[in-house]
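Below you'll find the structure, written out as structure tokens, and then a few comments.
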Amino acid sequence: MEYKFSKALYRRKELLTLIEVASSTVDSWVAKLKSQKRDLREMGCYQLKACKYDLWNPVEFIHFLTTERTQLRVGRKKLDNIEKYQLNHINHVLTVVQNNHEQKEQI
């Protein structure tokens with residue numbers, strides 16, 4: 001799926017208005033990546049020199065969501081209610097974003 005956004009990079013607050021994910025959820029994902037000593041660019045977060053804010057690439061963020069956050073872990077028998085809610089919410093958000101882009105392309 002090809003996504004079209006008006007800008008290449010967004011501030012976090014702007015990104016969260018485009019892609020409806022809770023700020024606390026993104027914080028936990030960032031903390032998890034940092035604890036695994038992974039680069040935040042994997043989820044589309046760029047920390048540029050002389051820039052006051054982190055900038056986010058929405059396409060890379062959506063790719064991160066689809067590859068890492070929507071799949072269940074292997075060997076997991078039962079999901080917690082919170083995990084079920086987060087998984088359903090992420091799938092809903094991705095569907096909404098995809099539908100919005102399809103509607104914009106038809107216009």
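Taken together, the values in this text are just the output of simple stated rules run on the coordinates, not laboratory data. Since this is a predicted model, take the numbers as computed values, not measurements. Quick reminder, even Gly has a Cβ in these numbers, built from the backbone with ideal geometry, and neighbours come from all protein chains shown.
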Sorting check: for 54-62, 80-88, 5-13, which peptide has the highest mean count of neighbouring beta carbons within 10 Å, and how do the rest follow? 54-62, 5-13, 80-88
Trp56 neighbourhood, Cβ < 9 Å, K/R = +1, D/E = -1, net charge -1
When the chain is modelled as a GNM with alpha-carbon springs shorter than 10 Å, which of Leu16, Leu65, Leu48 fluctuates the most? Leu48
At q = 0.14, 0.15 Å⁻¹, base-10 log of I(q)/I(0) for the chain (Debye sum, equal scatterers on each alpha carbon): -0.60, -0.69
To the nearest 20 debye, what is the magnitude of the charge dipole of the chain about its Cα centre, counting +1 on the Cβ of each Lys and Arg and -1 on the Cβ of each Asp and Glu? 460
Approximate spin-label separation Lys52-Lys32, in nm, with each point projected 7 Å along Cα-to-Cβ: 3.2
